[in-house]
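The values are calculated or read from the model by the stated rules, or taken from the named source; none is laboratory data. A quick note: this is a predicted structure, and the numbers were derived from the prediction, not measured. Positions of Cβ are generated from backbone atoms using ideal geometry, with glycine treated the same way; all protein chains shown enter the neighbour counts. For the accessible areas, the whole protein counts, side chains as well, though only heavy atoms, and no ligand, DNA or RNA atoms are used. Shrake-Rupley method; radii C 1.70, N 1.55, O 1.52, S 1.80 Å.
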Amino acid sequence: MELLFWLSTILVFYIYIGYPILLRYLPKRPIVEGVAASGLPKVTILIPAYNEAAVIEKTIENKLSQDYPADLIQVIVISDESEDGTDEIVQTIAAKDSRVGLIRQVPRQGKTSGLNLAMPEAVGEIVIFSDANSHYQSNAVRQLVDCFNDPDVGYVTGKMVYVNEEGNVIGDGCSAYMKYENYLRSLEAKVSSVVGVDGGIDAIRKSLYQPMNADQLPDFVLPLKVVTQGKRVIFCENALLNEESLTNSQSEFRMRVRVSLRAYWAMWDMRHLFNPFSYGLFSLQITSHKLLRYLAFIPLFLALVSNGLITGEGWFYQLTFVLQILFYSAAAFVSLNDGTRNRWLGLANYFCLINVAAAMAFIKFIKREKIVMWKPRVG
């Protein structure tokens, strides 16, 4: 039991702390900076939408008002058989601005199928993916495009910042988690390629786009397909996306289960990337950042159970067991008191939420369940 406790604890430490430390000391691959020889490229911004009438107009206006030449921007909204007037709003805007287009997907088939459907209509050399509620800072498109001046770069992900309704960055667990992810991405980009991206502010060279299966998670699978083509996926911390965080823990939990399940299937579909003889350091990255992270609930559970069984071996094990109980109790307290706004309690709660969600998704994966339909992330 002692050996199991220590192995589990060391693995948890590596997943969340050791891996970032390792990235800092691995060999770095510089990103070539420069100016595109042929000037700024045309960009197409794809916005999948399902019943987004409440936000779609502001999102389109946000993209059209970017600090980028107006004649080089195309916006396509892919309506996944919306029923709330989303299509009519987009059509009204398109009637006044030829840069805006609408593609209606019937019957409803989900976000991934919608992207496959819209890609042939994209005229831009660079294609940017936005959520229907994603608001970019004014220079975000320019920042994303500039990263493609390096010919080795095939995919770029921006930086998501969770904000509340007043536009201030919030310090809850969700925001802290995103800051941690952004830090990892900045390290991974310097070593090889970023493993995971944010679907709300990503860009790809159109020539590298490969159609995906309807059940595949585009935020995960598409960057991996770029890696298999010998190009890099990098993080652009100056391309900022402001998005309101979910305030309902149940909504966040359901979203995390859905994302985790699709991530398991994505890793299964792209399992050849785990071969270190073919993909070198990237195989280490995807194993550490994704596979071990999504399975972290296993060593966490084993560390708790084994620790409880060896408390009689001395004060140290008694202390570590008490600390674990206090940690999980704090997380449970937040779940039972949604009004709690303590930063550290919120972080403990979110840590447990994503791991429980991953465990539930793993059970669904073992049962070979899949999720195809995309649903808006609302709170």
Margin query: Among the listed residues SER113, SER138, identify the single one that is surrounded by 20 or more Cβ atoms within 10 Å (Cβ to Cβ), touching a residue at least 12 places away in the same chain (Cβ under 8 Å), of a type in the set (S, T, N, Q) and at negative phi.
Written below: SER113
Note to self: Exactly one of these conditions fails for LYS370: (1) assigned to a helix (DSSP H, G or I); (2) surrounded by fewer than 20 Cβ atoms within 10 Å (Cβ to Cβ); (3) in contact with a helix residue (DSSP H, G or I) (Cβ under 9 Å, 6 or more places away or on another chain). Give me its number.
What the structure shows: (1)
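Being in a loop (DSSP other than H, G, I, E, B) and within 14 Å of the chain's Cα centre (by Cα) is the filter; apply it to the stretch 174-196 and report the residue that is farthest from ASN349 (Cα to Cα).
Ranking the qualifying residues of the stretch 174-196, first place goes to VAL194.
This table checks each residue for (1) modelled with pLDDT of 90 or more; (2) open to solvent by less than 20 Å² (accessible area, probe 1.4 Å); (3) part of a helix (DSSP H, G or I); (4) more than 13 Å from VAL257 (Cα to Cα).
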| site | (1), (2), (3), (4) |
| --- | --- |
| SER329 | yes, no, yes, yes |
| ASP338 | no, no, no, yes |
| ARG341 | no, no, no, yes |
| TRP344 | no, no, yes, yes |
| LEU347 | no, no, yes, yes |
| ILE354 | yes, no, yes, no |
| ALA357 | yes, yes, yes, no |
| MET360 | yes, no, yes, no |
| ILE363 | yes, no, yes, no |
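Does GLY196 satisfy being at pLDDT 85 or above and open to solvent by less than 10 Å² (accessible area, probe 1.4 Å)?
In short, no.
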Note to self: I want to confirm something. Restricting to the stretch 30-82 and keeping residues that are open to solvent by 40 Å² or more (accessible area, probe 1.4 Å) and of a type in the set (Val, Ile, Thr), which single residue is modelled with the highest pLDDT?
What the structure shows: VAL55
Check: Out of all the residues in the stretch 273-285, is one or more open to solvent by less than 10 Å² (accessible area, probe 1.4 Å), touching a Pro at 6+ places or on another chain (Cβ under 6 Å) and modelled with pLDDT of 90 or more?
Finding: yes
Item checked: Hits in the stretch 200-211 (condition: open to solvent by 10 Å² or more (accessible area, probe 1.4 Å) and either touching a residue at least 40 places away in the same chain (Cβ under 8 Å) or hydroxyl-bearing (Ser, Thr, Tyr) (or both)) -> ARG205, LYS206, SER207, LEU208, TYR209, PRO211
Item checked: Search result, residues across the stretch 83-95 that are open to solvent by less than 70 Å² (accessible area, probe 1.4 Å) and of a type in the set (D, E, K, R) -> ASP84, ASP87
Margin query: Being at pLDDT 85 or above and either open to solvent by 20 Å² or more (accessible area, probe 1.4 Å) or assigned to a loop (DSSP other than H, G, I, E, B) (or both) is the filter here; which residues of the stretch 228-252 pass it?
Written below: THR228, GLN229, GLY230, LYS231, PHE235, GLU237, ASN238, LEU240
Notebook entry, point to check: Which of (1) farther than 30 Å from SER113 by Cα; (2) open to solvent by 90 Å² or more (accessible area, probe 1.4 Å); (3) of a type outside the set (Lys, Arg) does THR9 not meet, given it meets every other one?
Noted result: (2)
Notebook entry, point to check: Of the residues that make up the stretch 33-42, is at least one closer than 30 Å to SER283 by Cβ, of a type outside the set (D, E, K, R) and in a loop (DSSP other than H, G, I, E, B)?
Noted result: yes
Next item on the list: Identify all residues within the stretch 52-106 that are touching a residue at least 40 places away in the same chain (Cβ under 8 Å), more than 24 Å from the chain's Cα centre (by Cα) and in a loop (DSSP other than H, G, I, E, B); write none if there are none.
Entry: SER65, ASP67, TYR68
